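The values are calculated or read from the model by the stated rules, or taken from the named source; none is laboratory data. These numbers come from a predicted model, not from an experiment. Here the Cβ positions follow ideal geometry from the backbone for every residue, glycine too, while neighbour counts run over all protein chains shown.
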Amino acid sequence: MAQSAVADDVFGALSNATRRKVLEQLSAGPATVSELAAPFDMALPSFVQHLSVLERSRLVRSRKRGRVRTYELAPERLRAAEHWLAERRRQWEARFDRFDAYVHHLKERESHGDAGDDDPTLRDRPDA
């Protein structure tokens, strides 16, 4: 699956507070459906829909023994989301660094009374 589709699945699943809380619960270890549902004030079928979304997005996996279904975290998908976020962070940090250099350049120019229009921080930049 393409990286952007994985991110869409993961962030779609994480967009709901109930599902995020379920993941927090599972960070302590595997739990049964009843254990996971206990803190929530909703009908079990509605809660199970949240678990289905998490399982389809592959943030959790389940196994059934007899009549008991147990869920656990599947951290691989969380790593994919973390990777996507890290890429965005690198892009924004680079942009902020360029902006900071530009502001420093303007301050230097202002403090020296330089009215020149040649800005070295904007040269040879494809996104300028």
Name the one entry in ALA86, ALA81 that is farther than 19 Å from GLY29 by Cα and buried (at least 16 other Cβ atoms within 10 Å of the Cβ). ALA81
Extreme residue, nearest to LEU78 (Cα to Cα), among residues of region 26-45 that are out of contact with any Phe, Trp or Tyr (no Cβ under 9 Å at 6 or more places or on another chain) and among the polar types (S, T, N, Q): SER27
Checking TYR71 against (1) within 20 Å of the chain's Cα centre (by Cα); (2) aromatic (Phe, Trp, Tyr); (3) not in a helix (DSSP H, G or I), the condition it does not meet: (1)
Inside region 58-101, can you point out the residues that are modelled with pLDDT of 90 or more and among the hydrophobic types (A, V, I, L, M, F, W, C)? LEU59, VAL60, VAL68, LEU73, ALA74, ALA86, TRP92, ALA94, PHE96, PHE99, ALA101
Looking only at region 23-36, count every residue that is of a type outside the set (Ser, Thr, Tyr), surrounded by 11 or more Cβ atoms within 10 Å (Cβ to Cβ) and not in a helix (DSSP H, G or I) and tell me the total. 2
Under the condition of being of a type outside the set (Ser, Thr, Tyr) and loosely packed, with under 14 Cβ neighbours inside 10 Å, which residue from region 9-19 is farthest from GLU55 (Cα to Cα)? ALA17
Determine, yes or no, whether ALA43 is hydrophobic (A, V, I, L, M, F, W, C) and at pLDDT below 95. no
Anything in region 37-69 that is exposed (fewer than 10 other Cβ atoms within 10 Å of the Cβ) and under 23 Å from ALA81 (Cβ atoms)? List them, or say none. none
Can you tell me which residues in region 12-68 are free of Cβ contacts under 8 Å to residues at least 24 places away in the same chain and under 16 Å from the mean Cα position of the chain (by Cα)? SER15, ALA17, ARG20, LYS21, GLU24
Among the residues of region 108-121, is there at least one that is at pLDDT 95 or above, of a type outside the set (Lys, Arg) and not in a helix (DSSP H, G or I)? no
In region 1-22, which residue that is modelled with pLDDT of 80 or more and in a loop (DSSP other than H, G, I, E, B) is nearest to PRO39 (Cα to Cα)? ASN16
